[in-house]
Amino acid sequence: MAYQLDLGALYEQAFGQPTDAFNPKYTAINGDTSLSRVNTGIVASSPYYAVDVNGREYFMPVTFTYPDPTPVSAQDEGLIGSSSTGVLKTWNLPYPVITLKGDKTIIKTPLTERAGTAKELINDKDWEITIRGFLVGVGNNFPEADFTTLCRLKEQNVAIQIACPMTDVILLRPGRSGSDYVVIETLEFPELKGIKHVKPYEMKLVSDSIFNLIDVS
């Protein structure tokens, strides 16, 4: 039996907010064709488009590169979207919707008999990255392979590399020494009733910077 998934409706059901990410509305522009569009980002040439396991094209893929703590087995080779490269593995996150948040640390000091405050900028905080999406199983089966991969990523307890045109812009800057590493803070699998082969996921990550520590003792 074939299933027609409305990922937009499932997203609102799982995360409580609507999105057009799975059904983008493009305004027709003369000369704008699939052959003339920009397909990769400027900073690191990360792709703007990818193809899911069902052969459908989607926008803004997210790719993780992470150390593989175990030898590659036949079961691991079956993970959707994964490949082995030496001691590293790469994996395209299924159906991702990514949001970014950047804050500053600012000390505000009230002024005597004056309106407003004196502001002292301390630093830029870590970028906060939220990724929500769906694991979709083949046929009507629970997506156990992708579920296992996400859990393994959370359990790595090390920084992992992220590749995406949006994150490339904020992470791959000279002031950050070109570091594209992030740390997974939380991983959640919200409930989605009535569908056993689709599992929502929500990840919260923070950017990780490279520091050179100098021993002055």
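Take the conditions at pLDDT 85 or above and not aromatic (Phe, Trp, Tyr) and apply them to PRO69. Does it pass?
No: the conditions fail for PRO69.
Please indicate, with yes or no, whether at least one residue in the stretch 167-185 is modelled with pLDDT of 90 or more, of a type outside the set (Val, Ile, Thr) and more than 16 Å from VAL62 (Cα to Cα).
Yes, the stretch 167-185 has at least one match.
Within the stretch 117-211, which strands (runs of 3 or more DSSP E) (wholly inside it) include 2 or more residues that are of a type in the set (A, V, I, L, M) and surrounded by fewer than 14 Cβ atoms within 10 Å (Cβ to Cβ)?
Fully inside the stretch 117-211 and qualifying: 117-124.
Pairs only if they're at least six apart or on different chains, beta carbon under 8 angstrom, first in the stretch 55-68 and on the phi > 0 side of the Ramachandran plot, second assigned to a strand (DSSP E or B) and buried (at least 18 other Cβ atoms within 10 Å of the Cβ); list them, first residue then second.
MET60/ILE98
What is the one condition in (1) under 25 Å from TRP91 (Cα atoms); (2) modelled with pLDDT of 85 or more that LEU5 does not satisfy?
Against the list (1) under 25 Å from TRP91 (Cα atoms); (2) modelled with pLDDT of 85 or more, LEU5 comes up short only on (2).
The values are calculated or read from the model by the stated rules, or taken from the named source; none is laboratory data. Here the structure is a predicted model, which is why all the values come from computation and not from measurement. As a convention, Cβ positions derive from the backbone with ideal geometry for all residues, glycine included, and neighbour counts pool all protein chains shown.
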